[in-house]
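Working notes, structure below.
The values are calculated or read from the model by the stated rules, or taken from the named source; none is laboratory data. In this text, all values refer to a predicted model and were calculated from it rather than measured experimentally. Backbone-built Cβ (ideal geometry, glycine too); neighbour counts: all protein chains shown. These accessible areas exclude ligands, DNA and RNA; they are computed on the full protein's heavy atoms, side chains included. Shrake-Rupley method; radii C 1.70, N 1.55, O 1.52, S 1.80 Å.
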Amino acid sequence: MRAIGQSTISIVVLSTNYANSRWCMLELEKIMEIGRSKGLVVVPVFYEVDPSEVRRQKGQFGTQFEGLISTISVDESTEINWRRELSNICGIAGSVLIDSSQSRDPTQDRGRVTRS
């Protein structure tokens, strides 16, 4: 976590399984906190997951998140923070990569920044 505090940019790659990792959620919480307090540049990459599923914790992403919450013991405050940060990161311009396994020119994705 110390490395996050020493960074100037953080690229967060969100996938369906991201929400099933306590460590990923703790890092996201820290990244977003430092982004607000110290100006860390946060760039989200939505890999094979729709940003709206992340924002609302629905679909497969939501299922994974609910699985994490039911498996580990987190207090209500932590759960609320995690939900808020998942929603907040969706309001940051980033990249959405869906169906990336399909055969196509990879340069089409380069530099593609969207606002979700």
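Ordering 58, 38, 30 by accessible area with a probe of 1.4 Å, largest first, what comes out? The partial results should precede the final answer.
On the way: 58 125, 38 155, 30 70 Å².
Greatest to least solvent exposure: 38, 58, 30.
So if R0 is 30 Å, what FRET efficiency would residue 37 and residue 63 give, r being the distance between their Cβ atoms, rounded to the nearest 0.05? Numbers along the way, then the final one.
Working: r = 32 Å, r/R0 = 1.07.
For R0 = 30 Å, the calculated efficiency reads 0.40.
Taking amide hydrogens as modeled 1.01 Å from N in the peptide plane, which residues meet the under 5 Å criterion relative to residue 13, leaving out close sequence neighbours?
Those qualifying (amide H under 5 Å, at least 5 residues apart or on another chain) are 45.
Taking all protein chains in place and a 1.4 Å probe, what share, in percent, of the accessible surface of the chain do carbon and sulfur account for? List each step's numbers first, then the result.
Values: 3300 of 6820 Å².
Of all accessible area on the chain, carbon and sulfur atoms account for 48 percent.
Residue 84 to residue 70: extension gain in nm, 0.36 nm per residue of separation minus the Cα-Cα distance? Don't skip to the end; give the middle numbers.
Details: separation 14, 0.36 × 14 = 5.04 nm, distance 1.79 nm.
Answer, rounded to one decimal: 3.3 nm.
Say R0 is 22 Å: what FRET efficiency, to the nearest 0.05, do residue 47 and residue 77 get from their beta-carbon distance? Walk me through the numbers on the way to the answer.
Values: r = 29 Å, r/R0 = 1.31.
The pair residue 47/residue 77 has a calculated efficiency of 0.15.
In region 1-106, which GluC sites (Glu not before Pro) are in a loop and have at most 13 other Cβ atoms within 10 Å, using DSSP for the loop call? Before the final figure, lay out each step's value.
Working: sites: 27, 29, 33, 48, 53, 66, 76, 79, 85; in loops: 48.
Those that pass, being in a loop and sparsely packed, number zero.
Compute the relative contact order of the chain as a whole-number percentage, counting only Cα pairs closer than 8 Å that sit 6 or more residues apart in sequence. Kindly include the intermediate steps, with their values, before the conclusion.
Numbers: 160 pairs, mean separation 33.8, N = 116.
Computed over the chain, the figure is 29 percent.
Report P(r) for the chain: all Cα-Cα distances, bin width 10 Å, range 0 to the bin holding the largest distance, values in whole percent.
14, 45, 32, 8, 1
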